Amino acid sequence: MDFIYITFLIGNGFDINLGLNTRYADFYKYFLENASVSNMIKQWIEKEIDLWSDLELQLGKKVSEITDKTLDKFYLDKIELDRLLLEYLEKEQDRFVIDDNRKRLEEEFSRSIKDITDGFTLDDRDSVNNTKTHFCNQEYFVQFVSFNYTNALDKIVEDCKKNNVDVGKHTNNSGSLMTDKIGNVFHVHGTVEGDALLGVNDTSQIENEFLQADTTFVTTFVKRNTNEYLGQQRTSKTKDIIYKSNIICVFGMSIGDTDKMWWEELVNWLIASNLRKLIIFWKGNESEFKRPIPTQVILLKNSIMRRFLNLGKGVHSDAELKAIEKQIMVIFNSKIFSFPRVK
């Protein structure tokens, strides 16, 4: 039997939601304390730390200073940066222990998946339910693509699968009850255990013409190129997951430049079928939603929609992008995945 695939694209906001200190800004103290004195990246960050909210993009800018004489030194310093980042994140992920709150974690995971449209407008809820109803004769299969290096999500999903946590049921056209299934977590950028990718989306984000033309540098610094060189097929596997999906939820991800290729893939995916639905769970703007004003809500939603479509446009026309707007939902400050926070 075929499945209807409901896929979550999970970013760092998931770990932050758990109380883990996994922002780049959290890592810099550890890096500055432990990196070699001569590490050029350490020196860059120390001089202008306020500019380093996005480590990958800022590295792409700062390599403008690299010459053929300093490239080997940069490689060594970047390797040290990568190693210390993984050390730091491993320490953070180990703070999250399932046994501390197993029952509450399982209950919240169950609620989040079963009540995915909680807090949606009536139109948005109907849109998601129309897709589900269209495929009601198929089993629902919930799966995850993680853009994080950490394993907190893996721990929760594995525990819920092991203990047969209920993530929903639905009735098919024959009146039979079908039980929804939990899938796996796929790490598109690797994990702290190895093959973790830290880099930019494409060569346009490398602000150095000499390095843009250097095959070795591009292979080590552009994430899709690194993925291909490592031969783990993570890029192609993630594309397969996306194109098999009927509903995709983006949670804990900023709509940023370093993941531009994935916004382009999502636009391609939406254009291919009007039954496909994209849900962007957006965290922020809490003050505006304490007493929401319709004009303000519309402007906020449109700004996020425009950001996504502008980054994901690729070769598509404005008319094609306009046609898929009704398939995209932007949900502010949803209570989904409100797990107990790590102390």
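Can you tell which of 327, 296, 232 shows the greatest fluctuation in a Gaussian network model of the chain with Cα springs below 10 Å?
Of 327, 296, 232, the Gaussian network model singles out 296 as fluctuating most.
Evaluate the relative contact order of the chain (contact order divided by residue number), counting alpha-carbon pairs under 8 angstrom at least 6 apart; express in whole percent.
26
How many lysine pairs in region 175-287, separated by 8 or more positions in sequence or lying on different chains, have Cα atoms less than 17 Å apart?
Eligible lysine pairs with Cα atoms under 17 Å apart amount to 7.
Would you count, across region 1-146, every pair of lysines whose alpha carbons are under 25 angstrom apart, provided the pair is eight or more residues apart or spans two chains?
28
Between residue 163 and residue 285, what length comes free when the chain is fully extended (0.36 nm per residue of separation minus the Cα-Cα distance, one decimal in nm)?
Working: separation 122, 0.36 × 122 = 43.92 nm, distance 3.64 nm.
Here the segment from residue 163 to residue 285 would lengthen by 40.3 nm.
How far is helix 152-162 tilted, in degrees, relative to the longest principal axis of the Cα atoms in the chain, given as a value from 0 to 90 rounded to the nearest 10?
40
Out of the DSSP beta bridges found with both residues in the chain, what percent are antiparallel (nearest 5)? Show your work: numbers first, answer last.
Values: 4 of 34 bridges.
Here the antiparallel bridges make up roughly 10 percent for the chain.
Give me the distance between the Cα centres of region 98-151 and region 1-56, rounded to whole Å.
Value for the Cα centre distance between the two parts: 26 Å.
Got a number for the accessible area of residue 313? Probe 1.4 Å, square angstrom, nearest 10.
Counting only protein heavy atoms, the figure is 70 Å².
Check cross-link reach from residue 326 to the aspartates and glutamates: straight Cα distance under 16 Å, and skip same-chain residues fewer than eight apart.
123, 124, 126, 318
How big is the accessible area of residue 315 in square angstrom, nearest 10, if you roll a 1.4 angstrom probe over the protein chains?
140
If R0 is 41 Å, what FRET efficiency do you get for residue 297 and residue 90 from their C-beta distance, rounded to 0.05?
Taking R0 as 41 Å, the efficiency between residue 297 and residue 90 is 0.55.
Dividing the Cα radius of gyration by the Kirkwood radius, what Rg/Rh value follows for region 292-332?
1.02
Magnitude of the Cβ-charge dipole of region 153-300, K/R +1 and D/E -1, about the Cα centre, nearest 20 debye?
The dipole magnitude comes to about 780 debye.
Looking at the chain as a GNM with Cα springs under 10 Å, which of 27, 289, 308 has the largest mean-square fluctuation?
289
For the chain, modelled as a Gaussian network with Cα springs under 10 Å, which listed residue fluctuates most, 182, 49, 247?
Its mean-square fluctuation being the largest, the pick is 49.
With n ≥ 4 as the cut-off for DSSP H runs, can you work out [θ] at 222 nm for the chain, using -39500 (n - 2.57) per run divided by the number of residues, rounded to the nearest 500?
-14000 deg cm²/dmol
On a full-extension model of 0.36 nm per residue, what is the gain between residue 319 and residue 71, subtracting their alpha-carbon distance, rounded to one decimal in nm?
84.8 nm
The values are calculated or read from the model by the stated rules, or taken from the named source; none is laboratory data. Just so it is clear, the structure is predicted and the values come from calculations on it, not from any experiment. Cβ: placed from backbone, ideal geometry, glycine included. Neighbour counts: every protein chain shown. For the accessible areas, the whole protein counts, side chains as well, though only heavy atoms, and no ligand, DNA or RNA atoms are used. Shrake-Rupley method; radii C 1.70, N 1.55, O 1.52, S 1.80 Å.
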